[in-house]
Amino acid sequence: MRKNRLIASVYDRRTAVKLGAGTAAAAGIALLAPSSARAAMPERTLSFYHLHTGEKLKTTYWADGSHIPDALAEINHILRDFRTAETWPIDPGLLDLLHRVQESLGTDEAYHIISGYRSPATNTKLANRSAKVARRSLHLAGQAIDVRLPGRPLRKLHKAAVAHKSGGVGYYPKSNFIHMDVGRVRYW
């Protein structure tokens, strides 16, 4: 147990630094654009339906050249570890990936959430039950999500996610979901 906490605390510090740097860079780029250009940037909206809690959310998480803190907090809540109720900041890059995939498929249907953030306790429990669950999963860092998209075949959703080359994409047809993350580019 101590080893898990130690890994989690090191992982959490690294993740926090990466998230902070990414957010600062994104904010800096947005601030460098003239205000008229920022105003002309389209809004980014996502919809979610959590299969385990029944919760629904449709929110604009990015507008006028920046992320909307209240919307990010709502997303953090719906993508929380539903087993423990723990929340974690979801990487805005993951949200942008979800948005781009949705746009490329020409839909605004709600993503059906199988798994968002996972606490260390939940991830350990799942990894002990299945070799398919990574011990150092990006779910622990709020950088991964398992979803399906109603009205779009799973293979088509998988193909769209792979086409963006923005991280890892896993295909689980027997369980009817795909995994997307913003880690290194890889496919399984």
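How much net charge surrounds Arg80 when only other residues with a Cβ under 15 Å from its Cβ are counted (Lys, Arg +1; Asp, Glu -1)? Result for the local shell: -3.
The charge dipole of region 39-188, taken about the Cα centre with unit charges on the Cβ atoms of Lys, Arg (+1) and Asp, Glu (-1), comes to about 1000 debye, rounded to the nearest 20.
Near Leu57: Cβ cut-off under 15 Å, other residues only, Lys/Arg at +1 and Asp/Glu at -1. The net charge is -1. Determine the shape class of region 31-187: with a ≥ b ≥ c the square roots of the Cα gyration tensor eigenvalues, call it rounded for a/c under 1.5, and otherwise prolate if a/b is greater than b/c, oblate otherwise. In terms of gyration-tensor shape, prolate.
Close amide-amide hydrogen proximity is noted between Glu55 and His50, each under 5 Å apart and 5 or more residues distant or on a separate chain (H modeled in the peptide plane; Pro and chain starts excluded). Beyond 26 Å in Cα-Cα separation lie the following of the pairs Lys58/Lys132; Lys56/Lys156; Lys125/Lys165: Lys58/Lys132; Lys125/Lys165. Taking a sphere under 13 Å around the Cβ of His179 and counting the other residues whose Cβ falls inside, with K and R at +1 and D and E at -1, yields a net charge of +2. In region 33-188, a dipole from Cβ-located charges (positive for Lys and Arg, negative for Asp and Glu) runs towards its positive end, and of Leu138, Pro69, His50 it is Leu138 whose Cα lies farthest in that direction.
Values quoted throughout were computed directly from the atomic coordinates according to the rules given, and no laboratory measurement underlies them. Small disclaimer: the values here were computed from a predicted structure and weren't measured. In this analysis, Cβ positions are derived from the backbone assuming ideal geometry, glycine residues included, and neighbour counts consider all displayed protein chains.
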